[in-house]
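Notes follow once the structure below has been shown.
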Amino acid sequence: MAIQKVGVVGCGLMGSGIAQVCAASGFATVVREVSGELLDKGLKSIDKNLNRLAEKGAITEAAKGEIRGRLKGTTVIEDLKNCDVIIEAIIEQLPAKRELFGALDAICPPTTIFASNTSSLTITEIATATKRPQRFVGLHFFNPVPVMKLVEVVRTIATDPAVYEEMLAFGAKLGKTPVRAHDGTGFIVNRLLVPYLLDAIRALEEGVGSIEDIDNSMKLGCGHPMGPLTLLDFVGLDTTYYISQIMFEEFKERRFAAPPLLKRMVLAGWNGRKAGRGFYDYADPQKPKAMKF
């Protein structure tokens with residue numbers, strides 16, 4: 001089946017990025033949000049990104065217009081019924097995702113492929129809300145979607161091999177490097193990344209080093225673009241805490257358990273850069289200062 005029309009559900013940070021990449025790759029794209037306000041916010045973010053690319057000369061003004069012309073926003077779920085592929089990028093909660101895909105399953109033809117951008121939930125759990133588990137995959141993009149080159153393409157034991165190959169090819173058409181991943185909680189990247197981030201918090205708790213020294217050690221000693229505590233602030237401490245809970249529930253291993261400091265920071269609302277405070281104070285975003293605990 002030749003994919004021509006893509007649906008994206010959710011126009012937040014991840015959804016807007018996915019919609020932008022799909023439209024920029026030549027696909028007619030419909031992005032759906034639950035309210036006009038959230039939809040406008042997401043579309044404005046896309047416009048801002050496209051304007052920045054045009055100003056840098058990365059795309060022409062004509063190309064910018066063509067990309068925007070392929071992109072349609074809606075708050076009506078029925079507007080997705082004629083899409084060849086629908087990618088979900090909504091809140092990271094299983095009941096919400098299952099409810100969404102159950103509704104989509106009822107209005108979309110049997111040929112439509114469903115994909116979830118979940119970073120921590122298993123695809124199988126989500127797919128059981130539909131009657132098409134053989135046409136269900138994970139497409140896990142990374143933030144910021146227009147910049148990051150990786151997409152994890154996740155297959156379940158029920159995914160049709162031909163559908164899986166089609167989605168690997170689709171990922172490549174989006175300009176990404178698709179990697180094959182099996183349906184295990186966290187897939188490849190988070191399975192390796194989350195324990196590393198949690199261990200960095202434990203190192204801080206245990207006095208192994210200061211915030212700055214832990215970050216500088218991993219940057220300068222291992223060549224990482226940012227230290228683990230800076231990365232935690234960027235990802236969101238609440239997001240990491242939530243993912244760690246899901247992974248610990250799945251594996252029951254200490255390396256996936258949230259350290260007490262992480263829990264306390266989330267309870268205090270210190271969720272990182274987006275909250276203005278995490279392991280660093282972002283009162284001056286250009287010069288964040290390490291917090292004292």
The condition from (1) more than 23 Å from Ile113 (Cα to Cα); (2) touching a residue at least 12 places away in the same chain (Cβ under 8 Å); (3) not acidic (Asp, Glu) that Arg52 misses is numbered (2)
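Would you tally the residues in the stretch 13-26 being modelled with pLDDT of 95 or more and either over 20 Å from Val76 (Cβ atoms) or surrounded by fewer than 23 Cβ atoms within 10 Å (Cβ to Cβ) (or both)? Steps first, please.
So the first thing to find is which residues in the stretch 13-26 are modelled with pLDDT of 95 or more, and the list is 14-26.
Adding the requirement that they be either over 20 Å from Val76 (Cβ atoms) or surrounded by fewer than 23 Cβ atoms within 10 Å (Cβ to Cβ) (or both) leaves 14, 17, 20-21, 24-26.
Summing the residues that are modelled with pLDDT of 95 or more and either over 20 Å from Val76 (Cβ atoms) or surrounded by fewer than 23 Cβ atoms within 10 Å (Cβ to Cβ) (or both) in the stretch 13-26 gives 7.
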Asp281 fails exactly one of the following numbered conditions: (1) out of contact with any Lys or Arg (no Cβ under 8 Å at 6 or more places or on another chain); (2) more than 24 Å from Phe141 (Cβ to Cβ). What is the number of that condition? (1)
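Looking at the stretch 266-292, which of the residues that are among the aliphatic types (A, V, I, L, M) and within 11 Å of Gly236 (Cα to Cα) is surrounded by the fewest Cβ atoms within 10 Å (Cβ to Cβ)? Show your work before the answer.
Kept after step one, since they are among the aliphatic types (A, V, I, L, M), are these residues of the stretch 266-292: 266-268, 275, 283, 290-291.
Still in the running and within 11 Å of Gly236 (Cα to Cα): 266, 275.
Details: Val266: 21, Ala275: 17.
Going through the qualifying residues, I end up with Ala275.
From the list Glu99, Glu165, Glu152, exactly one residue is modelled with pLDDT of 95 or more, at negative phi and within 16 Å of the chain's Cα centre (by Cα). Which is it? Step through it out loud before you land on a result.
Values: Glu99 fails: within 16 Å of the chain's Cα centre (by Cα); Glu165 fails: within 16 Å of the chain's Cα centre (by Cα).
Of the residues listed, the single one that is modelled with pLDDT of 95 or more, at negative phi and within 16 Å of the chain's Cα centre (by Cα) is Glu152.
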Applying the selection to the stretch 246-264, what residues are without any contact (Cβ under 8 Å) to a residue 40 or more places away in the chain and not in a loop (DSSP other than H, G, I, E, B)? Phe248, Glu249, Arg254, Lys263, Arg264
When Ile243 is evaluated against the numbered criteria (1) out of contact with any Ser or Thr (no Cβ under 7 Å at 6 or more places or on another chain); (2) surrounded by 15 or more Cβ atoms within 10 Å (Cβ to Cβ); (3) touching a residue at least 60 places away in the same chain (Cβ under 8 Å), which criterion, by number, is the only one it fails? (1)
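If you go through the stretch 67-103, how many residues are of a type in the set (Asp, Glu), surrounded by 14 or more Cβ atoms within 10 Å (Cβ to Cβ) and not in a loop (DSSP other than H, G, I, E, B)?
Within the stretch 67-103, the first condition is being of a type in the set (Asp, Glu), and the residues that meet it are 78-79, 84, 88, 92, 99.
Going one step further and asking which of them are surrounded by 14 or more Cβ atoms within 10 Å (Cβ to Cβ), we end up with 79, 84, 88, 92.
Narrowing further to those that are not in a loop (DSSP other than H, G, I, E, B): 79, 88.
Within the stretch 67-103, residues that are of a type in the set (Asp, Glu), surrounded by 14 or more Cβ atoms within 10 Å (Cβ to Cβ) and not in a loop (DSSP other than H, G, I, E, B) number 2.
Being under 24 Å from Met148 (Cβ atoms), out of contact with any Cys (no Cβ under 6 Å at 6 or more places or on another chain), surrounded by 14 or more Cβ atoms within 10 Å (Cβ to Cβ) and aliphatic (A, V, I, L, M) is true for just one of Leu204, Leu232, Leu192, Leu220. Which residue is that?
Details: Leu204 fails: under 24 Å from Met148 (Cβ atoms); Leu192 fails: surrounded by 14 or more Cβ atoms within 10 Å (Cβ to Cβ); Leu220 fails: surrounded by 14 or more Cβ atoms within 10 Å (Cβ to Cβ).
Just a single option satisfies the conditions, and that option is Leu232.
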It is to be established whether one or more residues within the stretch 106-124 are in contact (Cβ under 8 Å) with a residue 40 or more places away in the chain, buried (at least 19 other Cβ atoms within 10 Å of the Cβ), among the hydrophobic types (A, V, I, L, M, F, W, C) and more than 22 Å from Val189 (Cβ to Cβ). yes
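The values are calculated or read from the model by the stated rules, or taken from the named source; none is laboratory data. Just so you know, these numbers come straight off a predicted model, no measurement behind them. We place every Cβ from the backbone using ideal geometry, glycine too, and count neighbours over all the protein chains shown.
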